[in-house]
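Every number here is computed from the coordinates shown, using simple stated rules; none is lab data. Keep in mind that this is a model prediction, so the values were computed, not measured. Here Cβ is always computed from backbone atoms with ideal geometry, including for glycine, and neighbour counts include all displayed protein chains.
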Amino acid sequence: MNDHPMIIRSGVTALMAIAALAALTAPAPAEEAPGTLLRVDAGRDGTLSAADDAGRATWTSGRGAIMLPNLDDDTSRCPATGSSGARLTDAALAACHDAADAVVNGAADLADLAPMRLLPVPGTTDSARATLTPDPRSRDKVRVFIERDGRYVALGADGAVRPGELRDGAKFAVEARDIVRDPAVWAGFSDLTLTVTDQGKISTDRVRLKVAPVLFQHDLLPLRRAVVADPAQPASLEGGEAPGEPSPGAAEYRRDLRRGLDAEGLNRPFVESPAGGDQWMGDMFKAGYASMPGPGGREHRITVNLRSPAIMPDSTDRDRPLRDASRPVFTMMRGKDVAGIQEFDATRIDRPDDNLYYGSASSSGNFGTIPPHGKYPTGRIVYGGSGKFSPDSDFTRMLAAQGRQDPIAVDTSWLGVGHLDEFLHFVPAKNGRGWAAVVADPRMGMDLLEKLAAGGGGGQRLVEGVDPQKTDDPNITVAEALRKPELQEGVRLASQGIDGALRRLREQAGITEQDIIRIPALFKKLDIPADYPRENLVATYLPNAANGISTGTGGYLAPAQHSPRTGGKDLFELTTERALAQAGVRVRWIEDWEYSHNVGTVGGDIHCVTNVQRDLSGTAPWWKPA
């Protein structure tokens with residue numbers, strides 16, 4: 001976190017300095033003892049009182065006023081399309097939000113603004129002149145509103161405050177017009193200075209505010225609604241053609257997902273997001289939030305959905321280079337207390353090899369959140385990235401600039417798609433931390449098959465419950481699988497990659513074996529073209545239970561395993577259920593073989609095709625010490 005206490009000149013010294021400058025054109029004003037003119041919520045209790053006056057011009061980890069990035073759309077005024085239904089550019093979609101206009105858009109918008117007061121200055125004459133202005137660096141990053149005639153209006157460009165408002169006092173409200181994206185451009189602070197000139201006297205006061213960081217949500221928060229692809233809609237709400245038929249397996253996936261959520265008491269209908277056949281909802285956006293102290297000291301939050309910065313390798317549209325199925329972050333999801341943001345390096349459209357050859361490192365399925373721990377009360381970001389296989393650098397710079405979740409990069413370049421969610425998830429657990437990491441274990445998967453074969457089960461089919469013609473190796477047996485070079489090498493490479501990632505997490509986040517729930521997985525080595533610049537890549541052979549979703553209610557949604565049977569039960573499912581049960585977690589199995597697992601070269605599983613909206617009522621205020 002960047003705390004920048006500012007030394008404020010006050011009292012006689014400040015007035016003498018100002019007087020020296022003013023003496024060039026006017027008589028020197030008389031000295032005046034400074035007093036509090038502006039009041040902000042420096043104490044962070046959601047109220048304004050004299051207790052806020054000390055230290056109001058500085059900002060530290062324990063004290064200082066906070067403003068929200070006012071990027072939601074409380075009155076749903078932002079258009080999804082241009083005139084006559086024309087498609088808006090990516091930039092135009094992102095540009096519309098409540099802070100884009102100079103209007104307080106209703107009571108909900110006012111609640112998103114930081115309160116500030118001008119205390120009465122008795123004896124102010126009608127000839128007094130006053131201005132309230134932000135420092136030059138934040139001039140276009142904040143907007144100040146003043147209450148006049150019962151409504152809030154934006155201060156003019158000159159920041160003029162009327163004599164009567166000085167005499168009687170006034171109410172202000174402050175909005176941040178953006179988040180911190182690049183600290184070299186703006187570090188998120190705004191110093192607002194009130195300068196009053198009356199009867200030859202000059203008085204000044206200054207307060208400092210900081211914009212709230214955008215924080216990733218974490219997997220311990222209760223799930224409210226699942227976001228799934230709408231099979232009847234095109235890729236965005238702005239037109240295009242919907243698929244002629246639903247994706248194979250969509251009905252089974254949606255049926256089991258509904259059953260799993262209902263079993264956890266989560267009965268809200270799905271959010272149907274336009275997808276146009278691009279069903280990978282987990283890769284479209286990452287759910288976050290921002291918050292500030294509200295009335296009564298409660299945490300006032302807005303949801304912030306961060307659009308995936310992935311530029312598609314076949315994109316030819318410089319105005320709309322990002323994935324069409326991620327546009328609903330703005331065209332559908334943005335609204336009251338829900339913001340959408342995007343950040344990406346636009347020059348990457350000229351480097352299609354980034355995605356074509358090195359995988360979709362910028363997809364949101366490659367980002368996760370280690371739950372709250374130690375000095376990270378809101379959790380800590382983790383993502384996959386190494387060398388050329390790394391997410392968009394503008395996006396990761398923005399994440400680091402928030403200053404609260406200190407991102408960790410682990411190497412996922414050994415995976416064909418390269419997403420973190422292919423081997424790592426987090427669930428609430430009955431242990432010292434209150435959570436555990438669910439980790440795919442290829443060695444465990446191979447060991448289970450070896451034990452099954454040693455007990456006489458080598459003749460069983462490796463893949464059960466699936467039409468053999470819809471598998472990579474129809475009717476392959478367990479014994480044959482154990483001898484298959486692609487599986488042997490896939491398990492070795494995946495184990496090596498996961499070991500490396502866990503070492504990194506141990507070093508950076510202190511995650512030890514006691515914090516890990518290992519569950520069986522089976523990986524295969526991919527057959528890579530000779531001219532492809534990456535090698536030794538793997539993908540899951542059987543559905544990967546680590547590629548799942550915690551409901552935050554003690555449940556865990558995982559893809560049906562389709563592994564060999566033991567005692568009439570799926571071997572991998574039985575092992576996974578036992579492992580998670582020790583942490584107090586229930587497993588709900590979801591059929592996804594045709595819908596996501598066996599799609600394309602590498603496929604995906606439940607987390608890849610399901611995004612979520614979570615209940616934020618249990619978040620910890622980021623401004624309070626851990």
Practice problem: Neighbouring Cβ atoms within 10 Å as the yardstick, rank TYR376, TYR253 fewest first. | Solution: TYR376, TYR253
Quiz item: Over 26 Å between Cα atoms, which of LYS388/LYS624; LYS141/LYS336; LYS470/LYS525; LYS210/LYS375; LYS286/LYS336 qualify?
Solution: LYS388/LYS624
Self-check item: Average Cα contact separation per residue, segment 382-479, under 8 Å, 6 or more apart, as relative contact order %
Solution: 18 percent
Practice problem: Round to the nearest 10 and give me the degree value, 0 to 90, for the angle of helix 250-263's Cα axis relative to the longest principal axis of the chain. | Solution: 70 degrees
Self-check item: ARG443-ALA530 FRET efficiency (beta carbon distance; Förster radius 25 Å; 0.05 resolution)
Solution: 0.25
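Take each of the peptides 502-508, 584-590, 166-172, average the number of other beta-carbon atoms within 10 Å over its residues, and list them starting from the highest.
584-590, 166-172, 502-508
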Practice problem: Hey, can you grab everything whose amide H is under 5 Å from the amide H of ALA436? Only 5+ residues off in sequence or another chain; H modelled, so Pro and N-termini drop out. | Solution: VAL427, ALA429
Quiz item: Label 7 Å along Cα→Cβ of THR60; segment 275-319 residues with amide nitrogen under 20 Å?
Solution: 293
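Hey, got the dipole for the chain? About the Cα centre, +1 on K and R Cβ, -1 on D and E Cβ, debye to the nearest 20?
That gives a dipole near 1640 debye.
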Self-check item: Calculated FRET efficiency for the pair ALA232/SER83, C-beta based, R₀ 30 Å, to 0.05
Solution: 0.70
Quiz item: Can you give the translational diffusion coefficient of segment 215-614 in µm²/s, computed by Stokes-Einstein from the Kirkwood radius over Cα pairs at 20 °C and 1.002 mPa s?
Solution: 100 µm²/s
Quiz item: Between ALA95 and ASP45, what is the spin-label point distance in nm, taking each point 7 Å from the Cα along the Cα→C-beta axis?
Solution: 4.4 nm
Quiz item: Under a Cβ-Cβ cut-off of 10 Å, what is the net charge of the residues other than PRO474 that fall near it, where Lys and Arg count +1 and Asp and Glu count -1?
Solution: -1
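For GLY552, what charge total do you get from the other residues with a beta carbon under 11 Å from its beta carbon, if Lys and Arg give +1 and Asp and Glu give -1?
-1
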Quiz item: What nm distance separates the two modelled labels at ASP317 and SER386, each placed 7 Å from Cα along Cα→Cβ?
Solution: 3.6 nm
Quiz prompt | Estimated FRET transfer efficiency when R0 is 41 angstrom, pair LYS430-ALA111 (beta carbons, to 0.05) | solution = 0.65
Practice problem: Enumerate the residues in segment 602-626 having an amide nitrogen under 19 Å from the point lying 7 Å beyond the Cα of ASN267 toward its Cβ. | Solution: 615
Quiz item: Label points 7 Å out from Cα along the Cβ direction at ASP499 and ARG255: separation in nm?
Solution: 4.3 nm
Quiz item: What per residue convex hull volume, in Å³, comes out for segment 105-230 when only alpha-carbon positions are used?
Solution: 167 Å³
Quiz prompt | 0 to 90° range, to nearest 10: angle between helix 11-22 axis and the chain longest Cα axis | solution = 70 degrees
Quiz item: With contacts defined as alpha carbon pairs under 8 Å and 6 or more residues apart, what's the relative contact order of segment 215-614 in percent?
Solution: 20 percent
Quiz item: Percent antiparallel among DSSP beta bridges with both residues in segment 215-614, to the nearest 5?
Solution: 65 percent
Quiz prompt | Helix 442-452 vs. the chain, principal-axis angle (Cα, 0 to 90°, nearest 10) | solution = 30 degrees
